[in-house]
Amino acid sequence: MAKLNVVNVLGEKVSSINIKDEIFCIVPHNQSMFDTVLSERSALRQGTHKTKTRTEVSGGGRKPWRQKGTGRARQGSIRSPQWRGGGVVFGPTPLRNYELKVNKKVRNLALRSGWSVKIAANQIHVIQNMNFETPSSKDFIKMLNNVKVNERKVMLVLNGDESEFNTYLSARNLGNVLPVFIEEVLLDDILNSTAIIFTESVLKSIEGRLE
């Protein structure tokens, strides 16, 4: 069973914690990760794009010129698709659903693969206690410097307890930190992060969700 070091906010090692190999130390399954990321990105699309058909554009109340004798092609309305400003044929309609279904077992396999990738890259940091008395981005930056996390893309995973609220407020204004609650963690965010920090309780919650 693999272990992770647990440090305090000063960057000092205080203990180590066992992690489950079947969750954090598996051989990454690339296809499941690809399908899951594709599904997550598709779910973010609103599907509210819309173009106007010939019945919705303005103008075209009369025939632009007479049927015969002008030498030009016959036209019935300037709302027709071939006219500039006319309607669009087969354009997108609103409320289109872009959802791509991924089975729960496949998604769990993908998440285990994502965590395993980050463990292998030494990009996961477990901090003993991140409960700030008052919201302070300055103190949060100090903590990151102490634990030697200076990457551009840091993901902070929280359980969502009231005791972590000040931690969330301290991190959310920082441009290089993405604070997320554990039920909102996306594989895309895991893979896109260059460092991930959380507490021991969050680690146990992750293991409980992916068993």
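Could you identify the single residue in LYS118, LYS104, LYS148 that is in contact with a strand residue (DSSP E or B) (Cβ under 9 Å, 6 or more places away or on another chain), loosely packed, with under 15 Cβ neighbours inside 10 Å and of a type in the set (Lys, Arg)?
Just one listed residue meets the conditions, LYS148.
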(Q) Take ASN97 and tell me if it is loosely packed, with under 15 Cβ neighbours inside 10 Å and closer than 30 Å to ASN192 by Cα. (A) yes
(Q) Being β-branched (Val, Ile, Thr) and without any contact (Cβ under 8 Å) to a residue 12 or more places away in the chain: is that true of THR93 here? (A) no
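Is one or more of the residues making up the range 71-81 exposed (fewer than 13 other Cβ atoms within 10 Å of the Cβ), within 36 Å of the chain's Cα centre (by Cα) and not assigned by TED's automatic domain parsing to the domain that holds ASP35? Before you say what the answer is, go through the steps one by one.
Step one: list which residues in the range 71-81 are exposed (fewer than 13 other Cβ atoms within 10 Å of the Cβ), which gives 71-74, 76.
Now narrow it down to the ones that are within 36 Å of the chain's Cα centre (by Cα): none.
Scanning the range 71-81 turns up no residue that is exposed (fewer than 13 other Cβ atoms within 10 Å of the Cβ), within 36 Å of the chain's Cα centre (by Cα) and not assigned by TED's automatic domain parsing to the domain that holds ASP35.
The values are calculated or read from the model by the stated rules, or taken from the named source; none is laboratory data. Keep in mind that what you see is a predicted model, and the values were worked out from it rather than measured. Using ideal geometry, Cβ is built from the backbone for each residue, glycine included, and neighbour counts are taken over all protein chains shown.
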